[in-house]
Amino acid sequence: MSESITPDKNTSGPRKKETIGVALLLGEPEKAIRKLSGPMIIAMLLYSTYNIVNAIWVAGLGSDALAAVGFISPLFLVIIGLGNGLGAGTTSAIARKIGAGDHAGANNTAVHAILLTVAISALATIPLVLWTEEIALLFGAGKTAGLAGEYGRIIFASTILLLLTNVGSAILRAEGDTKRTMYIMAVSAVMNMILDPLLIYSVGLGIAGAAWGMVISQVFVTLVLIYWFFGKKDTFVTVSKKSFYYEKKTIRDILGVGVPASFEFFLMSVLAIIINGLLVRVAGTDAVAVYAAGWRVVIFAIIPLAAIGTSVVSVAGAAFGGRRYEKLPIILNYSFKLGLIVAMGVSILTWFFSSQIASIFTYSPESIHLAPSIAAFLATMCFFYPFVSPGIMSCSLFQGVGKGITSLTLNLFRNLIFIAVFAYVFGITLGYGEHGIWWGIVAGDILGGILGYAWARLYLSQLLKYQ
């Protein structure tokens, strides 16, 4: 803790003591990115390990169950997108308030974020639970629609838990406290990994057991967050009725980043639907199972990049809120270089161990025939990883400074203009089939990364020129 109490710029009384996290957030940007990214990398890797373990246990039920999860993934991404979008908006808005020295405004923003989350959860849950199977059929699930519905209805009934835990973690990230976020994500992941085999096989719930394991872990995380904010009360940001006063501008600040960020995940869902449709067209549902398993590995591999990007939102938000614009190019360039080093290492490891990784998903007689295709997919994605870094870091910087629409526009180009079009051209028009679709994903990612970084550099040059 800091020893001094500084006056709040926007209130007449003293401001709460700066925590170690806040001091880090407002200090040297390179150090802040490293320190904040470390716990997030550990937490997100553990959480993604759960996703892979979940796929491994589901794979034991056969390729139909694995494909069913793949068909639910686009819908699940909508919920994850809502949570992460609201989280990004919350982190950005609160970090900008902290950077500006407005502690009361940071508190008020946190309460606004929680109330928004409850309202959005109520609106999203009902249609997703009622029409899970029907939507899966629209996505091409066919004979696997029943399994998809069984899995999806449980997941979507817990929407409020998924969103609230995202926003609670976002408040902690905004004040530079990524260690507590690491703790709850790590414990949640471990709980999931223990519960999955017990519920799927020992209890005999099948694919539904995988969903119930996630729900139980989310209940635990929610209870821990409630204790930290309302019981222990040692966070920099205070969440209470006394902190709240309705402010339309605060809603705009959160949603100005949150809505576009949510739509970014919606774009990913649309892209997943398109890719699934193309794969079914050229190679059948087994191709979707290959993509579903392989893409889980890709998501796992880019987790360190996403963690760095998450830290960029907080650090860039604080710098922008404090009008320290000269820090922003340092934040962009350092995060890009750090991410590129990580991505190159991931590519090399994946290239050499693609067959071994593929074998993890094909241990059962029902799925062993997928092994060569999964290995080939993973080897192709080695060319995908290096260009993820410039895209993620650029979008994170734009989210941090409150330009959510710009981040959304970059993702629109990357997913629906570059990746989807190239996947169609390579896979369908040129007739390269399943492998052509994979290379279309790579080509679109390369163009998207280049565009994002160039756009961010242009924005920063203009900002510094006219400040």
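The values are calculated or read from the model by the stated rules, or taken from the named source; none is laboratory data. Note that the structure is a prediction, hence the values are computed from the model and not measured. Heads up, the Cβs are rebuilt from the backbone with ideal geometry, glycines too, and the neighbour counts pull from every protein chain shown. With ligands, DNA and RNA removed, areas are computed over all heavy atoms of the protein, side chains included. Shrake-Rupley method; radii C 1.70, N 1.55, O 1.52, S 1.80 Å.
Among the aspartates and glutamates, which have Cα under 17 Å from the Cα of residue 403 when same-chain residues fewer than 8 positions away are ignored?
253, 264
How large is ³J(HN,Hα), in whole Hz, for each residue of region 414-420 in order, when computed from phi with the Karplus curve 6.51 cos²θ - 1.76 cosθ + 1.60 and θ = phi - 60°, using x for Gly and Pro?
Ordered by residue, 3J(HN,Hα) equals 5, 7, 9, 9, 7, 5, 4 Hz.
Any aspartates and glutamates with Cα under 15 Å of the residue 17 Cα? List them, leaving off those in the same chain fewer than 8 positions away.
List returned: 3, 8, 102, 175, 177, 234.
May I ask you to compute the full-extension gain from residue 344 to residue 34, defined as 0.36 nm times their residue separation minus their alpha-carbon distance, rounded to one decimal in nm?
109.8 nm
Modelling each spin label as a point 7 Å along the Cα-to-Cβ direction, I'd like the residue 20/residue 194 distance in nm, to one decimal.
2.7
In whole percent, how big is the carbon plus sulfur part of the accessible area of the chain, probe 1.4 Å, protein atoms only?
Here carbon and sulfur together make up 70 percent of the probe-accessible area.
My understanding is that a pair violates if its Cα-Cα distance is over 26 Å; which of 31/232; 97/465; 35/233; 179/327; 31/242; 31/248 do that in this structure?
Beyond 26 Å: 31/232; 31/242; 31/248.
Which length gain, in nm to one decimal place, applies between residue 462 and residue 241 when the Cα-Cα distance is subtracted from 0.36 nm times their residue separation?
Result for the pair: 75.5 nm of gain on full extension.
Can you give me the C-alpha center-to-center distance between region 396-435 and region 99-126, rounded to a whole angstrom?
For region 396-435 versus region 99-126, the Cα centre distance is 30 Å.
Give the peptides 331-344, 384-397 in descending order of average Cβ contacts within 10 Å, highest first.
Going by the mean number of other Cβ atoms within 10 Å, highest first, we get 384-397, 331-344.
Find the accessible area per residue for region 339-467; the probe is 1.4 Å, ligands and nucleic acids are left out, and the unit is Å².
44
When the helix-only estimate is applied to the chain (DSSP H runs of n ≥ 4, each -39,500 (n - 2.57), divided by the residue count), what is the mean residue ellipticity at 222 nm, nearest 500 deg cm²/dmol?
Theoretical 222 nm ellipticity from helices: -26000 deg cm²/dmol.
Sort out for me the Cα centre separation of region 254-307 from region 32-97, rounded to whole Å.
Using only Cα atoms to place each centre, the spacing works out to 11 Å.
Could you report region 214-287's accessible area per residue, 1.4 Å probe, as an integer in Å²?
It amounts to 50 Å² per residue over region 214-287.
Taking square-rooted eigenvalues a ≥ b ≥ c of the alpha carbon gyration tensor, is region 246-293 rounded, prolate or oblate, where a/c under 1.5 means rounded and, failing that, a/b exceeding b/c means prolate?
Since a/c reaches 1.5 and a/b is larger than b/c, the shape of region 246-293 is classed as prolate.
Would you please classify the overall shape of region 198-336 from the alpha carbon gyration tensor, given that a ≥ b ≥ c denote the square roots of the eigenvalues, rounded means a/c under 1.5, and beyond that prolate means a/b larger than b/c while oblate covers the rest?
oblate
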